[in-house]
Structures are given as structure tokens and as C-alpha cells.
Amino acid sequence: MTPHSMDLAAPLTTRVLERTVRGSGASIRGNGASRRGGVVASCLVTDPAQVVRVREAAPGDGDALAELHARSRAVYYAAGGYEVPAVPDAEYRETWRKMVVDSRLAVLVAVLGDDVVGVLTVDGSGVFPTNAPHERRVRLVGIFVEPGRWSSGVGSALMGRFVSIARQGDAVGEVDVWERNTRALRFYERHGWTRDGTSRPGPAGADYIGFVHLP
């Protein structure tokens with residue numbers, strides 16, 4: 001299974017103590033930051049000695065993001081009674097290598113020191129199906145955080161960047177969340193997302209539930 005299966009949802013994180021987001025206009029790329037890893041946001045996580053930077057993914061980040069994604073989804077799926085590999089295969093890695101250089105997507109990474117600890121993928125170009133094709137929408141394809149960094153503020157920093165992108169474009173944010181991922185459901189609800197009444201089949205007989213975030 002590849003990331004393009006869209007089985008994507010975020011772990012719960014705690015409040016962000018400080019956030020600075022630079023950029024203007026409706027572009028999902030932010031304030032002209034390049035694909036070579038320009039910093040587009042920064043914040044303090046729950047440990048005030050640590051600062052998480054949010055930057056655009058660089059072409060060389062694909063393998064690290066595939067590994068992070070695999071670890072994160074393996075943990076939350078297991079919590080819902082569904083087992084998936086925690087190590088990405090070759091196809092999985094290649095999908096992420098393509099995603100980080102796809103100009104139709106914005107792939108942002110959260111970095112603590114030299115470590116990539118989270119990733120946000122945003123689609124404002126219709127690469128992934130939308131639940132409302134006649135509305136102006138931006139899809140949150142997925143937020144993933146290293147399981148050891150859950151509840152530290154990393155996910156909230158990435159969510160803040162997504163909300164900023166959607167508001168700059170005056171667009172409704174949308175995401176699908178696996179219904180057994182109760183941690184992610186609480187995370188989205190706490191950040192102002194509401195269920196839109198849509199769903200689609202997911203693994204283990206559990207649906208993905210549609211959520212929206214109004215600009």
C-alpha cells in the first residue's frame with residue numbers, strides 16, 4: 001500500500017506556545033519558499049528549550065518521510081486493531097520521493113534540531129479526490145508525527161500552517177480520518193474541524209470520516 005491510498009490522519013498534540021507564520025497570498029507554497037527547504041514557520045513545542053521549524057520538503061527528504069509515515073500509521077492503525085508494516089517497501093519509498101517534488105502538492109516538514117519529526121501534505125490542485133468538487137477546497141492529505149513526539153506540539157505547529165494556507169486562499173479545508181483513530185478525531189475536533197457527513201470505506205470494516213475546517 002502506498003501513501004496515495006490516502007489512509008492519512010494526525011496524532012494528537014498539545015498546544016503551541018508560540019507560532020510565527022510568514023507568507024501572504026493564496027498559494028499553497030507560502031511566501032515563495034523554494035523546494036530546497038526554506039523555513040516557512042517556527043514555534044516552541046511543549047519543552048521551551050526546543051524550537052520546531054516548519055520548512056518545505058527538499059527532494060532528498062523522500063525516504064525519511066516514507067519511514068516516518070510508515071512508523072506513525074503502524075502505531076495508530078494497531079491502536080484500532082489493524083496491523084500494517086512499520087517499514088516502507090520500495091514502492092512506498094518511491095511514492096514519497098515523487099510527492100516531495102510534485103509541484104501540485106505542498107509537502108512541509110517539521111524539524112527539531114537536525115531531526116525530521118513531522119510532515120504535512122497539502123493538495124490545492126485536485127490531485128486527490130475532494131468531497132465537494134464544486135467548492136473551493138484545500139485538502140489536508142495527511143499530518144504525521146513521529147510517535148515519540150506525539151503530544152509535544154509538533155502536530156499543532158503543522159496544523160497551524162495548514163489553517164494559514166487555507167485562510168490565505170479563502171478555502172474550506174478538508175480531511176478524511178479513520179474512524180478508529182480516536183486520537184486523530186480528538187485532534188481535529190480540538191483544532192476546529194467538524195464532520196461534514198461524508199465517509200468512504202476504510203480497512204478493517206471501519207470508514208474514513210470526512211471533516212471540514214471553515215476559513
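Is it true that residue 192 is crowded, with 18+ Cβ neighbours inside 10 Å, on the phi > 0 side of the Ramachandran plot and in contact (Cβ under 8 Å) with a residue 12 or more places away in the chain?
Details: crowded, with 18+ Cβ neighbours inside 10 Å: no; on the phi > 0 side of the Ramachandran plot: yes; in contact (Cβ under 8 Å) with a residue 12 or more places away in the chain: yes.
No.
Filtering 204, 184 for residues that are in contact with a Phe, Trp or Tyr (Cβ under 8 Å, 6 or more places away or on another chain), surrounded by fewer than 22 Cβ atoms within 10 Å (Cβ to Cβ), of a type outside the set (Asp, Glu) and assigned to a helix (DSSP H, G or I) leaves a single hit, 204.
Restricting 64, 70 to residues that are small (Gly, Ala, Ser), closer than 27 Å to residue 189 by Cβ, outside any loop (DSSP other than H, G, I, E, B) and at pLDDT 95 or above narrows the list to 70.
Residue by residue, here is whether (1) farther than 21 Å from residue 187 by Cα; (2) not basic (Lys, Arg) holds:
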position	(1), (2)
117	no, yes
124	yes, yes
128	yes, yes
132	yes, yes
137	no, no
151	no, yes
156	no, yes
159	no, yes
165	no, yes
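Restricting the range 75-130 to residues that are surrounded by fewer than 22 Cβ atoms within 10 Å (Cβ to Cβ) and polar (S, T, N, Q), the residue that is farthest from residue 63 (Cα to Cα) is 130.
Taking the criterion of being over 14 Å from residue 211 (Cα atoms) and under 13 Å from the mean Cα position of the chain (by Cα), the only residue of the range 165-181 that qualifies is 165.
The values are calculated or read from the model by the stated rules, or taken from the named source; none is laboratory data. Computed from a prediction, not measured in an experiment: that's the story for all the values here. Positions of Cβ are backbone-derived with ideal geometry, glycine not excepted, and every protein chain shown enters the neighbour counts.
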